[in-house]
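Here the structure comes first, spelled out in structure tokens, and everything after it is commentary.
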Amino acid sequence: MIIRAPAKLNLCLFVGPARDDGLHELASLFEPLELADELSVAEADGPEDEVIVEGVEQPDLTARALAALREAGWQRAPLRIEVRKRVPVAAGLGGGSADAAAVLRLARGEVEGLRAIASGLGADVPSQLDPRACLVVGAGEIVEPIPPPEEHGVVLIPFEQGLATAEVYAEADRLGSTRSEAELEVFRRKLRDATVEESSPLAYPENLVNDLEPAALSLRPEISGALEALREAGAARALVTGSGPTAFGLFEDRAAAESVASTLQSSHPGAIATAPLRDGEAS
């Protein structure tokens, strides 16, 4: 069995105060992308589960997700799961969380409380149990589906060296980049209003802000060059996604994104053209 684990794009990220558990309140719009890891799932040759993720040390979130299912009583025969990475690692694109969520989907209908298990694995995992456009609030555990966006293209510029999410949040706290709960609630309402009907995120650019971007730029100043390259190439909006370091630009459609990614290869050879995943396209 081959299952896909789509990357997720944070179209925006408003960050509020830290909670008692150390996590921050937030408001964000997520959209899954056509860019996706592929998981090959088969019965294991031996009596134990085996998880292999190319280029990633074990145990990673994929192995932890499978172990969590076993702890919850999942009785399926031992599995061998191989993950072919297409989503850059530690890039702010949720690749590891997507892989974990894909594993949890294997037990849908067989294990109770998958969403609680997902929350225990990481803040981004619940939103990727059902890859679709959504408004994410709380610390990532509250997922509100929104209408799928109209067509648009995305160009990603990842970096070979990733950024640790915890370090970026700590830097945001140091810089004072976070918002009060009252401010955060204002943006939650604005995002809900902007996404009531199917529309392109290009229709509400004033809401496309990432409060973690100053922290990511503080830790990795070279990101600013990628953002400038996207803007010069005609991006309607260019931001850091999530905790970074990946920069992304929004374009009118997939064809425009492919043209820009091709042009940028000389200066940013890792540039990737992609587009939003339509509902129902993820396994």
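Observations
- In the range 92-186, counting only helices (runs of 4 or more DSSP H) that sit wholly within it, the ones holding 2 or more residues that are surrounded by fewer than 16 Cβ atoms within 10 Å (Cβ to Cβ) span 114-121, 165-175.
- Yes/no for VAL51 being crowded, with 22+ Cβ neighbours inside 10 Å and not in a helix (DSSP H, G or I): yes
- Condition check for SER259: within 22 Å of VAL155 (Cα to Cα), modelled with pLDDT of 95 or more and part of a helix (DSSP H, G or I): yes
- Residue match in the range 246-253 (condition: under 17 Å from LEU35 (Cβ atoms), charged (D, E, K, R) and in contact with an Asp or Glu (Cβ under 7 Å, 6 or more places away or on another chain)): yes
Residues checked against (1) surrounded by 18 or more Cβ atoms within 10 Å (Cβ to Cβ); (2) acidic (Asp, Glu); (3) without any contact (Cβ under 8 Å) to a residue 40 or more places away in the chain:
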| site | (1), (2), (3) |
| --- | --- |
| LYS190 | no, no, yes |
| THR195 | yes, no, no |
| PRO201 | yes, no, no |
| LEU227 | yes, no, yes |
| PHE248 | yes, no, no |
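- For ALA275: the one exception among (1) under 30 Å from LEU106 (Cα atoms); (2) crowded, with 21+ Cβ neighbours inside 10 Å; (3) hydrophobic (A, V, I, L, M, F, W, C); (4) modelled with pLDDT of 95 or more: (2)
- Listed by first and then second residue, the pairs linking a residue in the range 61-87 that is closer than 17 Å to PRO126 by Cα and modelled with pLDDT of 95 or more to a residue that is part of a loop (DSSP other than H, G, I, E, B) and of a type outside the set (Val, Ile, Thr), with Cβ atoms under 6 Å apart and 6 or more places separating them unless they lie on different chains, are LEU66/ASP49; LEU69/ALA107.
- The range 1-33, residues that are surrounded by fewer than 18 Cβ atoms within 10 Å (Cβ to Cβ) and either modelled with pLDDT of 95 or more or not in a strand (DSSP E or B) (or both): MET1, ILE2, ARG19, ASP20, ASP21, GLY22, LEU23
The values are calculated or read from the model by the stated rules, or taken from the named source; none is laboratory data. These numbers were taken from a predicted model, which means no experiment stands behind them. When we count neighbours, we look across all protein chains shown, and the Cβ atoms used for this are built from the backbone with ideal geometry, even at glycine.
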